[in-house]
């Protein structure tokens, strides 16, 4: 009986809003760190084909011989997938909980009066932005990882797949739309995560907003530099 009660209490604690927000903050942090590392890898395209292909090859050798070839990369993929699923589940659960907590008219009044137009827009587009980002990730993997989608021509070279694809304007345009969605998601999400983790104390909101803006802008611009450089012929 005691064990059953304890199990119910733990289950309730894990489903609490605090636990869900904490899960979103932690998994969001993991995904942001991955984005920074991935952005650095993309910028290797300016080193030329040999440097970029060597980088793509060496990340599959991390952990050898303790791990099999590509083993560390698969561990990273599993962690990222788990983080993404937990992040999405927590976001949906919190959204559904908030939706049923207050009447629609009251929710609108509270949000409208409490937030600036730009902050309100970012908050309201978080869910759809997350959907856009998720769809883009699937396309991105099929294009540059598995080579199932090959705009501009398929190739065994990661460098050639990248350059071939980003020489096409509509590929760059789709990338731009997706990255703008990522930027908005990061801008609002980073501040929310810092607030959830207790960093947002009196007098720190402006500094945290600045941090969120700088990180979101740096990641967005960092990801957009290679495709536009390729499109305009700066990388051939």
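Data overview
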| quantity | calculated |
| --- | --- |
| Selection count where residues are within 20 Å of residue 26 (Cα to Cα) and either in a loop (DSSP other than H, G, I, E, B) or out of contact with any helix residue (DSSP H, G or I) (no Cβ under 8 Å at 6 or more places or on another chain) (or both), scope the range 211-236 | 1 |
| Options 114, 96; residue that is at pLDDT below 85, surrounded by fewer than 12 Cβ atoms within 10 Å (Cβ to Cβ) and more than 25 Å from residue 30 (Cβ to Cβ) | 114 |
| Any hit, the range 173-191, residues being more than 13 Å from the chain's Cα centre (by Cα), surrounded by fewer than 18 Cβ atoms within 10 Å (Cβ to Cβ), in contact (Cβ under 8 Å) with a residue 40 or more places away in the chain and part of a helix (DSSP H, G or I) | yes |
| Candidate set: the range 192-210, residues that are without any contact (Cβ under 8 Å) to a residue 12 or more places away in the chain, surrounded by fewer than 15 Cβ atoms within 10 Å (Cβ to Cβ) and touching a helix residue (DSSP H, G or I) at 6+ places or on another chain (Cβ under 9 Å); chosen: the one nearest to residue 18 (Cα to Cα) | 199 |
| Any hit, the range 217-230, residues being over 22 Å from the mean Cα position of the chain (by Cα) and either surrounded by fewer than 20 Cβ atoms within 10 Å (Cβ to Cβ) or under 24 Å from residue 148 (Cα atoms) (or both) | yes |
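Conditions (1) in contact with a strand residue (DSSP E or B) (Cβ under 9 Å, 6 or more places away or on another chain); (2) modelled with pLDDT under 90; (3) over 23 Å from residue 85 (Cβ atoms), marked per residue:
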residue: 135; (1), (2), (3): no, yes, no
residue: 150; (1), (2), (3): no, yes, yes
residue: 165; (1), (2), (3): no, no, yes
residue: 171; (1), (2), (3): no, no, yes
residue: 181; (1), (2), (3): no, yes, no
residue: 184; (1), (2), (3): no, yes, no
residue: 194; (1), (2), (3): no, yes, no
residue: 198; (1), (2), (3): no, yes, yes
residue: 209; (1), (2), (3): no, yes, yes
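The values are calculated or read from the model by the stated rules, or taken from the named source; none is laboratory data. All values reported here derive from a predicted model rather than from experimental measurement. Here Cβ is always computed from backbone atoms with ideal geometry, including for glycine, and neighbour counts include all displayed protein chains.
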